[in-house]
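Here the structure comes first, spelled out in C-alpha cells, and everything after it is commentary.
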Amino acid sequence: MRVLLINSNRKHDLLAAPPLGLCYVAEAAAAAGHQVKVLDLCFALKSVQSSIENAIRTFQPETIGISVRNIDNVNMLHPVTYLPEIAEMAHSIKRLTRVPLVVGGSGASLMPANVLELLAADFIVVSDGEETFVKLLASIEKGEPPEAVPGVGMMNGDGFHLTPPLLSEFRGRTPDLGRWIDTKPYEKIGGSYNIQTKRGCRQGCIYCTYNQSIEGNRLRIRPAVEVVDEVEEALHKYRPKTFEFVDSVFNDPLEHSVELMEEILRRPWKAEFTAMGVHPSNLDKGYLDLMWRAGFRSFMITPESASEHMLRSYRKGFSRDDVVMAAEAINQTAFSAWWFFMIGGPDETNETLQESLDFALDRLQKNGRAVTNVAHFFIGVRVYPGTKLWEIARNEGFFPDLVDPLQPLWYLSEKLDLDRAVGQMNRAASLCPEVYLGFDERVLVFSKIAATVFDFLGFPGPYWRYFRAANQFGLSTGIRFMYRPADMAGMLKDSLRRQGYSGHLIQGYTP
Ligand code: B12
C-alpha cells in the first residue's frame with residue numbers, strides 16, 4: 001500500500017524538533033512492505049496547502065497519516081495554539097482525497113477523542129505507533145474494521161471507541177531519521193539529531209501526562225548497545241553536530257544512563273550529546289564527570305521548583321537538597337544547563353515563589369565560573385485530562401466540568417497574589433541575566449537570524465546557552481525589558497477568565 005506520512009509540526013525556532021515518532025512509524029510501515037513517503041512540513045518552502053496537494057497528486061497515497069506533536073506551547077504569558085493550523089491541513093486532505101486519514105503523535109494521544117473530532121480523521125493511534133499503525137494498515141487493506149487493533153480510536157455508532165494501547169517492549173527499532181527527512185534545516189537552526197533510549201516514565205508528577213497516554217508508566221528500556229549502535233550508524237551516515245536524548249527523564253533509571261555513557265566511551269569515535277529532562281537526583285560530581293567524558297556539553301534540567309513545599313506538592317520525588325546539591329556540582333563544571341521552573345501549582349505562595357527565585361539568584365549566577373546556567377521561569381501550570389492536577393483544578397473551580405480540553409487550561413494557586421508574583425519575577429530578571437521568563441520566548445522568532453550568525457561565526461551549540469549573554473547585554477544597555485507586555489498579571493487573569501474561572505484571583509479585575 002502507498003502510505004503518505006505528514007509531519008504537521010511547523011514550529012521552527014531554536015527548539016526545532018525533527019519528527020522522530022513519525023520516522024519510527026515510517027520505518028515500521030516500510031519494514032512491513034508498504035511504500036512510504038514522508039512529507040515534512042516544518043520548513044516547507046511552498047505553502048502548506050500546495051505541498052500537500054503536490055504530494056497527494058504525485059504519490060497517490062492509499063492511506064495518509066498525520067502526526068500531531070504539539071497542541072500548544074504551554075506558555076501562559078506567550079500563548080500559541082497549533083491545532084487550528086493542523087485542523088486546516090487535515091480538512092484540506094479530506095477535500096483532496098477520500099483515502100483513510102490516520103492521526104498519531106503525543107498531542108493526539110493526550111486527548112484522542114477531541115483531536116479525532118477536530119481533525120475529522122478516520123482513526124487515531126494512541127501511544128506507541130509502530131505496531132498499531134502496521135496492524136491498522138493491514139485491516140484497512142482487508143477492508144475490515146480495526147476493532148481488535150490495540151491503541152486505535154475511532155467514532156462508531158455510539159461515539160468514540162478506543163482499544164487500550166499495546167505498550168510493548170522497546171527493542172530492535174531504529175527510526176533512521178536521515179532516511180525519511182532532511183535533517184540539515186533542523187541542524188542549521190540549532191536542532192539536534194534525536195535519539196530515544198527508553199519509553200515510559202515511572203515518575204508520578206501531578207501535572208504530567210508522560211506516564212499516561214503518551215508513554216505509560218512502565219519503563220521499557222532499550223539495551224545500551226542497541227542505542228549506541230544507532231548513534232554510531234547515524235554519526236557515520238549523517239554527521240550531525242549534536243545528538244539529543246529525548247527520553248522523558250534521561251537519568252532515570254540512573255544505571256541505564258550510566259551503562260549508555262560507558263558504552264559510548266568504549267566506542268572509537270567522539271560525538272557531542274545533549275539531553276532534555278535531566279532529573280536533579282544523583283547529579284553529583286562523578287555522574288557529571290561521566291557525562292562530560294561521554295561527550296555531553298549541555299542539558300536541560302527540570303526541578304520545576306526550589307521550594308521543598310512545592311516539590312512535595314508537585315510530587316517530584318526529590319528534595320530541595322537534591323536540587324541544591326545538583327546546582328553545586330554543576331557549578332564546578334563547564335556545562336551549559338537550562339533549568340526549568342514551573343510557578344503556580346497547588347499551594348504556591350509568593351514566599352515559595354521567592355524561594356525558587358532566590359535559588360536562581362544565589363546559586364545559578366556565573367560569578368566568573370566556566371558554567372553557564374539559564375533559569376527559565378514559567379508561571380501557570382497547564383492542566384491535562386487524566387492527571388491529578390485536573391481533578392484539583394476542576395474541584396477548585398478553574399474550569400467547568402464540560403470544558404473543551406483542547407483549549408489551553410491553566411491552574412494558578414489561589415494563595416498567590418498575581419501582581420506581586422509578576423513583580424517578583426521581573427525583579428529577579430532585572431538582577432540576574434540567568435533568569436529568563438516565559439514571555440521572553442517571544443524572542444524565539446529571531447532564532448533563524450541568530451542561528452545564521454552563530455553558524456557563520458562558528459559558535460558552538462546549543463544556541464540557548466547564549467540567552468544569558470543576550471540578557472546581560474540587554475540589561476547593560478537597558479533594552480532587556482523594552483518589549484515587556486504592559487500588564488502581565490492582567491494577561492494571566494484574562495486567561496483564567498476565558499477558561500471559565502471566576503474565583504478570587506480575578507475578582508476586582510476588569511480587562
Ligand atoms: C524531548 C521533548 C522536547 C525536546 C525536543 C528535542 C528534539 N530534538 O526533538 C524539546 C525540549 C526541544 C521540546 C520542545 C517543545 N516541546 Co516537547 N517534548 C519532548 C518529549 C519529552 C519527548 C518527545 C519525543 O521526541 N518523543 C519520542 C518519540 C519517538 O515519540 P512520539 O513523538 O510520541 O512518537 C510516537 C507516537 O506518538 C506515535 N506517533 C507519532 N507520530 C505519529 C504519526 C502517526 C500517523 C501515527 C500513526 C503515530 C505516530 O508513534 C511514535 C513511535 O511510537 C515530549 C513528552 C513525551 N514524553 O512524549 C514533550 C512534548 C511533546 N513537548 C511538548 C511541548 C508543548 C513542547 C514545546 C511546544 C514547548 C515550548 N514552549 O516551546 C516545544 C516544541 C518544540 C517543537 N519544535 O516542536 C508537549 C506537547 C503537548 C502540548 N501541550 O502541546 C509534550 C507532550 C510534553 C507535555 N507538555 O506534555 N520538547
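The values are calculated or read from the model by the stated rules, or taken from the named source; none is laboratory data. Note that this is a predicted model, so its numbers are computed, not measured. Quick reminder, even Gly has a Cβ in these numbers, built from the backbone with ideal geometry, and neighbours come from all protein chains shown.
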Q: Residues being surrounded by 16 or more Cβ atoms within 10 Å (Cβ to Cβ) and out of contact with any Ser or Thr (no Cβ under 9 Å at 6 or more places or on another chain): count how many of those fall in the range 44-76.
A: 8
Q: Starting from the range 23-52, keep only residues that are part of a helix (DSSP H, G or I), then list their pairs with residues that are within 14 Å of the ligand (Cβ to nearest atom) and among the aromatic types (Phe, Trp, Tyr) whose Cβ atoms are within a distance under 8 Å, requiring at least 6 positions of separation or different chains.
A: CYS23/TRP180; VAL25/PHE133; ALA26/TRP180; GLU27/TRP180; ALA28/PHE133; ALA29/PHE133
Q.
Anything in the range 103-123 that is more than 8 Å from the ligand (Cβ to nearest atom) and at positive phi? List them, or say none.
A. ALA120
Q. Can you name the residue in the range 124-144 that is more than 24 Å from the chain's Cα centre (by Cα) and buried (at least 23 other Cβ atoms within 10 Å of the Cβ) and, of all such residues, is farthest from the ligand (Cβ to nearest atom)?
A. LEU137
Q) Do we find that GLN60 is away from the ligand (no atom under 14 Å from the Cβ) and in contact (Cβ under 8 Å) with a residue 40 or more places away in the chain in this structure? A) yes
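Okay, residues lined up against (1) more than 28 Å from PRO240 (Cβ to Cβ); (2) of a type in the set (Asp, Glu); (3) part of a helix (DSSP H, G or I):
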position: ALA429; (1), (2), (3): yes, no, yes
position: VAL453; (1), (2), (3): no, no, yes
position: ARG468; (1), (2), (3): no, no, yes
position: ASN471; (1), (2), (3): yes, no, yes
position: MET482; (1), (2), (3): yes, no, no
position: HIS504; (1), (2), (3): yes, no, no
Q) Does SER213 satisfy the condition of being in contact with a Ser or Thr (Cβ under 7 Å, 6 or more places away or on another chain), buried (at least 20 other Cβ atoms within 10 Å of the Cβ), polar (S, T, N, Q) and within 21 Å of MET300 (Cα to Cα)? A) no
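Being more than 22 Å from the chain's Cα centre (by Cα) and either under 13 Å from SER356 (Cα atoms) or of a type in the set (Gly, Ala, Ser) (or both) is the filter here, so list the residues in the range 324-345 that pass it.
The answer is VAL324, ALA326, ALA327, ALA329, ALA334.
Can you report the number of residues in the range 376-394 which are among the small types (Gly, Ala, Ser) and either part of a helix (DSSP H, G or I) or closer than 17 Å to HIS78 by Cβ (or both)? Walk me through it before giving the result.
Kept after step one, since they are among the small types (Gly, Ala, Ser), are these residues of the range 376-394: 380, 386, 393.
In the following step, the residues that additionally are either part of a helix (DSSP H, G or I) or closer than 17 Å to HIS78 by Cβ (or both) were identified as 380, 393.
Here the count works out to 2.
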**Q.** Flag for LEU389 being modelled with pLDDT of 95 or more, hydrophobic (A, V, I, L, M, F, W, C) and either under 24 Å from the mean Cα position of the chain (by Cα) or surrounded by fewer than 20 Cβ atoms within 10 Å (Cβ to Cβ) (or both)
**A.** yes
